[in-house]
1. From the list B:Ala95, B:Ala114, which residue is over 30 Å from B:Leu196 (Cα atoms), among the small types (Gly, Ala, Ser), open to solvent by less than 20 Å² (accessible area, probe 1.4 Å) and within 11 Å of chain A (Cβ to nearest Cβ)?
2. Residues to consider are A:Arg219, A:Arg262, A:Arg267; find the one that is over 22 Å from A:Ala87 (Cβ atoms) and surrounded by 21 or more Cβ atoms within 10 Å (Cβ to Cβ).
3. Can you run down the residue pairs with Cβ atoms below 6 Å, 6 or more apart or on separate chains, where the first is in region A:254-271 and within 10 Å of chain B (Cβ to nearest Cβ) and the partner is assigned to a helix (DSSP H, G or I) and among the acidic types (Asp, Glu)?
4. Just to be sure before I move on: is B:Thr177 on the phi < 0 side of the Ramachandran plot, in contact (Cβ under 8 Å) with a residue 40 or more places away in the chain and in contact with a helix residue (DSSP H, G or I) (Cβ under 8 Å, 6 or more places away or on another chain) in the structure I sent?
5. For region B:200-212, does any single residue satisfy the condition of being open to solvent by 10 Å² or more (accessible area, probe 1.4 Å) and assigned to a strand (DSSP E or B)?
6. List every residue pair whose Cβ atoms sit under 6 Å apart, with the two residues 6 or more apart in sequence or on different chains, where the first one lies in region B:131-159 and is within 11 Å of chain A (Cβ to nearest Cβ) and the second, anywhere, is open to solvent by 10 Å² or more (accessible area, probe 1.4 Å) and hydrophobic (A, V, I, L, M, F, W, C).
7. Return the only residue of A:Val291, A:Val310 being within 14 Å of chain B (Cβ to nearest Cβ), buried (at least 24 other Cβ atoms within 10 Å of the Cβ) and not acidic (Asp, Glu).
8. For region A:107-130, which positions are surrounded by fewer than 24 Cβ atoms within 10 Å (Cβ to Cβ) and either of a type in the set (S, T, N, Q) or touching a residue at least 60 places away in the same chain (Cβ under 8 Å) (or both)?
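The values are calculated or read from the model by the stated rules, or taken from the named source; none is laboratory data. Please read these numbers as outputs of a predicted model, since none were measured by experiment. Note that we place each Cβ from the backbone using ideal geometry, even for glycine, and neighbour counts take in every protein chain shown. What goes into the accessible areas is simple: the full protein's heavy atoms, side chains included, and nothing from ligands, DNA or RNA. Shrake-Rupley method; radii C 1.70, N 1.55, O 1.52, S 1.80 Å.
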Amino acid sequence: MMHRGNRQKCRNTPFPEYVKYIHRKRLFLVSLIVICLISFFASISLGAVTIPFNSVLRSLFGFGDMPQFQNIITNIRLPNALAALIAGGGLAISGAVMQSVLRNPLGSPFTLGISQAGAFGAAVAIMFMGAGVMQSTQVGAVTVLNPLITIGFAFLMCMVSAIIIILIARFHSTGPEVMVLCGVALGSVFSAGTMFLQYFADDVQLAAIVFWSFGDVGRAGWPEVIIMAVAVVSGTLFFILNRWNYNAIETGDETARGLGVRVDLVRILGMIVASLITATIVSFLGIIAFVGLISPHMVRRFIGDDYRFVIPASFLCGSALLMVSDIAARLMLKPHVLPVAVLTSFIGGPLFIYLLLSKRVK
Amino acid sequence: MLDVKNISVSYRKGELILKNLSFSVGKGNILVLLGPNGAGKTTLLRSINAILKPQKGVVEVENSNVLQMPASQIAKKLGYVAQRNTAGNMSLFDAVLLGRKPHVGLRATANDFARVSNTLQQLGLGDMTMRNINQLSGGELQKVCIARAFVQEPRIFLLDEPTSNLDLKNQMDILHTIRRIVKENSLAAVITMHNLNLAFRFADDILLLNKGHIVAQGSIESITPQILSEVYGVQVEMIRHKGHLAIIPV
């Protein structure tokens, strides 16, 4: 129901329909916030050990009376839930911005090969630059000791992939499908690079790299969560500040330039920031496919291409999607925990095919 | 109001597309650019707007060289409507609101919304403000693009074939509206057109381009049928009907 103040505003304004239209979009955002909150608390509550909701709330607000729950929440569930929230949101806004600046509905860190490039860069840093150590145990197969070197290498490789995509988009008027096929090709090259590393790895290293390459939010501890939060929050603010530029680009490069948008600069900076977010997430969590592609498309169905709303809504949708997938991954084969990337790919693959065949992509 | 001085433009291979062009447009005047396909009309509009950087020359709007201004400042001086426009997936109101981009800080204000609302009413788009622009006809989309340029509040309009997708009534409506806004607010407009009759009906001055050169410029009376025949390669006659010049190919 519309608030009384809003109703009054609708009556007084010369554009009441527009005010209602904006209220509907805000309502959509509020719904996503509610879904995110529920998913967040469920993500802390559910798993191999089920923690009652009231214990979760008490612990989070510092009134926890059961040390074993407090311990699980502080050291495992809370960082996991925050990692899913931040990584899901980060991948989703990266996808949304890539779709805008490349004017390609199939743009996302995974479909353009940027995630695979980041994983290769991080693997090089861990194997050869002493940025991490590997063990054969399942929990924490790779420990990132020097996050700056790892992110730096992942970012470098992400940028190689992103620059190739930008050049293809700039100098060849390719359709969305061609660009994604180029992304598939780049993804294959970088996956081959990772396989090359695996070939020369010893048994322990091999097991560790294979396990590490499955995207999983469960391996994030507090230091990783904090670094990801800094990258994703800064990137989100940057994207929000550019929301009018992305809206202008939706109307075509020529029109955007006429509106004072430095299209090439917006495009390149957008790809750099999206790649940096992707690199940070991939360095710590591995490759998590499809969240960056699907989330923006899901929200566009409800609120159109208006980036004032697409950016925050994609963030919330990506967060909720990854948190729910993570919960499902924990509960499906309880007490074993599946890497969340397995589930996102299961859901994302069919949705991706649907998007390819649907009218919106043409 | 607009002074273009010695503009030369070339694309990558060094061949000049526009060769040392100079002209002026006064306050409250509409200059129509005419010429056959490939004459350089669109290139000229794009270089006035600094979308295409000229190799040499100066473009002054009210004595300030726009080629040395940042893009956001240029957008406050010059409102550009491109020949080809893409419909995004947004409401008509939002599409026009984008025209306020050069003026908007962190978020649009009530003044921005009111200006959009008034412009939509003026252009007869008031009944379809919430329609998605990818459901509009080509003509309606053209009107939306012109409305966007209006809310930009520029000093000079640069309109690249603004009536190309419109039926006769809408062509007349749009050109009347452009003329009224230009005259009432002491602005100026540079418009490229292919319809010679409408050009002569609404222009204050004509600039005739061919192969990057100015063939003729001046008031509509100064353009002769011989010059038009030479430039277009088709024999034409001019007759005066109810005070307006009409061009007839023969």
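1. Working: B:Ala114 fails: open to solvent by less than 20 Å² (accessible area, probe 1.4 Å).
Result: B:Ala95 is the single residue among B:Ala95, B:Ala114 that is over 30 Å from B:Leu196 (Cα atoms), among the small types (Gly, Ala, Ser), open to solvent by less than 20 Å² (accessible area, probe 1.4 Å) and within 11 Å of chain A (Cβ to nearest Cβ).
2. On the way: A:Arg219 fails: over 22 Å from A:Ala87 (Cβ atoms); A:Arg262 fails: surrounded by 21 or more Cβ atoms within 10 Å (Cβ to Cβ).
Among A:Arg219, A:Arg262, A:Arg267, only A:Arg267 is over 22 Å from A:Ala87 (Cβ atoms) and surrounded by 21 or more Cβ atoms within 10 Å (Cβ to Cβ).
3. Once the first residue is within 10 Å of chain B (Cβ to nearest Cβ) and sits in region A:254-271, its partners that are assigned to a helix (DSSP H, G or I) and among the acidic types (Asp, Glu) give A:Val263/A:Asp253.
4. In short, yes.
5. yes
6. B:Ile133/B:Ala87; B:Asn134/B:Ala87; B:Leu141/B:Ala87
7. On the way: A:Val291 fails: within 14 Å of chain B (Cβ to nearest Cβ).
The conditions single out A:Val310.
8. If we filter region A:107-130 for residues that are surrounded by fewer than 24 Cβ atoms within 10 Å (Cβ to Cβ), which is where we start, we get A:124, A:127-130.
Hits for region A:107-130 are A:Val124, A:Met127.
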